[in-house]
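Each remark here refers to the structure printed beneath this line.
The values are calculated or read from the model by the stated rules, or taken from the named source; none is laboratory data. Since we're looking at a predicted model, the values are computed, not measured. With ideal geometry, Cβ positions are generated from the backbone for all residues, glycine too; neighbour counts draw on all protein chains shown. Side chains are part of the model used for accessible areas, which takes the heavy atoms of the whole protein and leaves out ligands, DNA and RNA. Shrake-Rupley method; radii C 1.70, N 1.55, O 1.52, S 1.80 Å.
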Amino acid sequence: MVGWMEVFLPYVEGYDVGLGLLRATGEPRNKSIKGMADGVSLALGGEGSITLTRVETTEDLETELGINVSARGGVGIYKVEDKFEFSNKCKLHAYSLALLIRAEQTLGFVQIDELELTDNAKTLVATNPQAFVDQYGDCFIRGIKRGGELLILIRIDTRDQQSRETIKNTLNASAGISFSAEAMISLNKTLQSTNSETQIFIKNIGGLAAPVSVSTPEQISAVIAPWTNSLQTLAAPFAVTLTSYKIVAGFDPPDPADLQHQQDIIRRCETLRYSAIDGLNQIDYVLSNRKVFVTIDELALTTARSGFASDVDVISQARAFAERNPIQAVEPETYARTKLLRPDYKLTTLPAAMPPLPLKPIIIPNLTGWYAEDLDFMSAAVKTPGEEGGYWTIDEYINGVPETDQDDPPIIRPRDVLEFLAYHRSLMIDPEPGYVPQGQNFVTAQDPPPGTIINPGDTVRISAGGAYQGMIMPYDWDGKPR
């Protein structure tokens with residue numbers, strides 16, 4: 001195998017030193033190497049590390065987990081359901097930010113130092129190299145890491161662009177440095193001060209089972225130390241080294257050009273799979289959090305969601321076909337058209353106008369003293385930036401666009417109220433005694449109260465009646481402060 005000698009793979013139950021594997025799939029074959037596996041000289045147990053890495057896509061995450069083609073040096077994957085399940089649960093998408101904390105503890109590394117083919121393998125490779133590959137694969141496991149691996153992903157779903165930038169800066173400052181309780185406390189404070197929601201996902205291989213009650217970054221420090229200490233008695237194999245047969249007596253299994261074609265198709269399938277999964281996660285987030293966005297095109301989103309779900313299935317089938325048929329391997333669109341008899345099949349793309357997050361948090365201003373009907377009218381008349389429909393933008397209102405030809409001087413309203421009404425369209429008027437339909441009904445109370453951060457779809461209730469009984473009305477009908 002030209003240009004390939006050794007790579008680390010996640011451990012799979014049943015893997016053992018000296019066992020042959022197929023590079024394309026990672027599937028085990030017969031034991032091909034004899035020799036004693038023992039500890040590596042001067043490689044003491046108890047070595048460990050904790051890394052903090054910003055991840056933005058499913059591909060980023062699976063690269064860090066060691067389960068994508070690039071991380072595996074092109075070697076196929078075989079039964080690492082636990083890590084794939086972890087990746088699927090994390091559901092990264094374009095509206096999220098994420099930090100991966102990966103702790104690794106190695107309690108010794110064993111490998112075969114004196115490499116020699118078993119007698120049966122020697123006989124077969126001398127007489128029938130292809131039969132050798134069928135029985136023993138085209139590479140083998142030389143060593144195994146023992147200890148444990150702890151994976152913690154903090155996913156933050158941001159509700160507005162301003163909060164997103166604040167959190168992103170904090171994550172960038174944390175990533176790439178050593179893990180510390182102080183860094184987690186700092187991140188926790190940032191999250192508490194922003195309009196966001198946090199989920200924490202934990203997976204461990206070896207050691208104590210990770211707790212499921214962790215909900216804030218500052219609680220993570222209390223997870224790592226007990227897990228590390230438990231590895232002395234609860235260690236497990238968690239990675240293997242895969243080596244080319246070329247290192248054994250110069251033998252190099254057949255590597256025809258079609259195997260490179262197979263690898264290219266497998267890599268392409270994996271890239272397309274990541275795109276489909278991230279698109280699916282992004283649409284699921286929007287559909288599950290409608291209130292976060294000002295407007296959504298539900299029909300376009302549900303149509304794209306069905307398309308992405310179908311794509312994931314087709315891509316998986318195309319990849320499996322490529323693994324079994326190196327020469328006939330084709331990309332997913334071609335596979336669907338020729339093998340699944342879907343002549344018009346095309347991979348799905350995200351709708352052109354995915355809904356944006358609000359530019360900054362929606363904070364309820366003090367609405368007390370306004371005319372209720374005036375607020376209700378403006379909630380439909382003021383446009384958000386880039387929005388289609390509506391009457392005027394916030395700045396046009398601020399700069400004095402008249403409502404009628406008789407407005408002289410033009411009506412000018414405060415920016416905080418206009419921004420609130422532009423991004424928020426769910427006012428509900430609760431009539432009080434004395435309320436006059438279409439009359440001049442003053443707002444006397446509001447729920448939630450001023451200063452509350454809300455989402456565009458949340459309902460704000462304003463109580464209104466025929467007479468204002470509170471402090472002096474802050475704004476007249478023409479928008480002039482009193």
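When Asp311 is tested against (1) modelled with pLDDT of 95 or more; (2) assigned to a helix (DSSP H, G or I); (3) open to solvent by 40 Å² or more (accessible area, probe 1.4 Å); (4) among the acidic types (Asp, Glu), just one condition goes unmet, and that condition is (3).
Here Ser306 passes the criteria (1) over 21 Å from Ile462 (Cβ atoms); (2) among the hydroxyl-bearing types (Ser, Thr, Tyr); (3) surrounded by 14 or more Cβ atoms within 10 Å (Cβ to Cβ) except the one numbered (3). Any residue that is on the phi > 0 side of the Ramachandran plot and touching a residue at least 40 places away in the same chain (Cβ under 8 Å) - is there at least one of those in the stretch 99-108? Yes, that holds for at least one residue. Restricting Glu218, Glu197 to residues that are assigned to a strand (DSSP E or B), of a type in the set (Asp, Glu) and either more than 29 Å from Pro28 (Cβ to Cβ) or modelled with pLDDT of 90 or more (or both) narrows the list to Glu197. All of (1) at pLDDT 85 or above; (2) over 27 Å from Thr444 (Cβ atoms); (3) in a helix (DSSP H, G or I) hold for Pro351 with one exception: (3).
The single condition among (1) within 23 Å of Glu331 (Cβ to Cβ); (2) at pLDDT 90 or above; (3) crowded, with 19+ Cβ neighbours inside 10 Å; (4) not small (Gly, Ala, Ser) that Thr271 does not satisfy is (3). Residues in the stretch 220-235 that are in contact (Cβ under 8 Å) with a residue 24 or more places away in the chain and either open to solvent by 60 Å² or more (accessible area, probe 1.4 Å) or small (Gly, Ala, Ser) (or both): 4 in all. Looking for whichever is open to solvent by 40 Å² or more (accessible area, probe 1.4 Å) and under 30 Å from Lys34 (Cα atoms) here; the options are Asp134, Asp138. Which one fits? The conditions single out Asp134.
Checked against (1) closer than 27 Å to Gly66 by Cα; (2) open to solvent by less than 30 Å² (accessible area, probe 1.4 Å), His261 meets all criteria but (2).
Let's see how each residue does on (1) of a type in the set (Phe, Trp, Tyr); (2) open to solvent by less than 50 Å² (accessible area, probe 1.4 Å); (3) at pLDDT below 75:
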| position | (1), (2), (3) |
| --- | --- |
| Gly400 | no, yes, yes |
| Glu403 | no, no, yes |
| Val417 | no, yes, no |
| Met428 | no, no, no |
| Val436 | no, no, no |
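Could you list, in sequence order, all residues of the stretch 328-365 that are surrounded by fewer than 17 Cβ atoms within 10 Å (Cβ to Cβ), closer than 23 Å to Ser196 by Cα and over 23 Å from the mean Cα position of the chain (by Cα)? The one that is surrounded by fewer than 17 Cβ atoms within 10 Å (Cβ to Cβ), closer than 23 Å to Ser196 by Cα and over 23 Å from the mean Cα position of the chain (by Cα): Ile363.
In summary, helices (runs of 4 or more DSSP H) completely within the stretch 42-145 and bearing 1 or more residues that are at pLDDT 85 or above and within 30 Å of Asn281 (Cα to Cα) occur at 58-65, 81-90. Residue-level analysis places Ile167 among those that are touching a helix residue (DSSP H, G or I) at 6+ places or on another chain (Cβ under 7 Å) and in contact (Cβ under 8 Å) with a residue 24 or more places away in the chain.
Restricting attention to the stretch 146-157, and to residues there that are surrounded by fewer than 23 Cβ atoms within 10 Å (Cβ to Cβ) and not acidic (Asp, Glu), which single residue is nearest to Ala225 (Cα to Cα)?
If we take residues in the stretch 146-157 being surrounded by fewer than 23 Cβ atoms within 10 Å (Cβ to Cβ) and not acidic (Asp, Glu), then Arg146 is nearest to Ala225 (Cα to Cα).
Among the residues making up the stretch 354-388, those that are part of a loop (DSSP other than H, G, I, E, B) and modelled with pLDDT under 85 are Gly369, Thr384, Pro385, Gly386, Glu387, Glu388.
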